[in-house]
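J.: I have a structure here, written as structure tokens, and I will follow up with some questions on it.
Every number in this text was worked out from the coordinates using simple rules, so none of it is lab data. Just so we're clear, the structure is a prediction, and the values are computed from it rather than from any experiment. Neighbour counts run over all protein chains shown; Cβ positions are idealised from the backbone, glycine included.
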């Protein structure tokens, strides 16, 4: 008996295929399942992070007897790339950010964008949040008690994002994450390490953009910090 060899490249009956599935397509190219698996892995990772952030947001929104929460219009959680290797933490929302429920808006956001672009990083490629999720009355500095109260949620937030680098902008962020309450001018520009969720994360402290708008002469120090961030990105082979 002679075996009949099948021609894998033979033409299919198109009229039959159209009846079965009008959009059915064939290709001789092999499927790259590694790419498909990678995409699925990223989607699953993103979905899990979104679920955990939503759960954290509910926790923060359920805080009782909080003057900050009671006097704010919105909870400002965070924005940007949820899978970014760089997490940027500011101090607290101001009036505009409270209204829009977004981080670093207005002139502060414009300056932040320029600062990041100066070291070849696009704002949308990082994930940004605040130490305090609600606007303090009259945009005052958060108290030590408020910082301590919200630091629990902030550290859970950091654990969810799981960044490779943390950038702390302002004294409130410095105190919330590191526990330091010294003058920021004495601590900025030096890499430190913190442990969150059994993971060691490099941390650098620098000035908040809102502070730089009020004191533009400090931008020269901020530029030195930015260059150190760029070098750390390169040293850790971070793609962003």
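J.: Pull out the extension gain between residue 195 and residue 214, defined as 0.36 nm times the separation in residues minus the alpha carbon to alpha carbon distance; nm, one decimal. All intermediate terms of the calculation are to be shown ahead of the outcome.
T.: On the way: separation 19, 0.36 × 19 = 6.84 nm, distance 3.30 nm.
Between residue 195 and residue 214, full extension yields an extra 3.5 nm.
J.: What length, rounded to one decimal in nm, is gained on full extension from residue 65 through to residue 119, with 0.36 nm per residue of separation minus their alpha-carbon distance? Don't jump to the answer; show the numbers that get you there.
T.: Details: separation 54, 0.36 × 54 = 19.44 nm, distance 4.21 nm.
That works out to 15.2 nm of additional length.
J.: Quick one: which of 190-201, 224-235 comes out on top by average Cβ neighbours within 10 Å, and what's the full order, highest first? Each step should come with its number before you reach the end.
T.: Working: 190-201: 12.4, 224-235: 15.1.
In descending order of packing, they fall as 224-235, 190-201.
J.: Length gain on complete extension for the stretch residue 55 to residue 236, per 0.36 nm per residue less the alpha carbon to alpha carbon distance? Present the calculation step by step, with values, prior to reporting the outcome.
T.: Numbers: separation 181, 0.36 × 181 = 65.16 nm, distance 3.12 nm.
Stretched fully, the residue 55-residue 236 segment lengthens by 62.0 nm.
J.: Continuing with this model, one more query. Could you state, as a whole-number percent, how many of the C-alpha pairs of region 84-169 are farther apart than 21 Å?
T.: Numbers: 1118 of 3655 pairs.
That tail contains 31 percent of the Cα-Cα pairs.
J.: I've got another one for you. How high is the relative contact order of region 34-235? Use alpha-carbon pairs under 8 Å, at least six apart in sequence, and give a whole percent.
T.: Working: 311 pairs, mean separation 43.0, N = 202.
Relative contact order, region 34-235: 21 percent.
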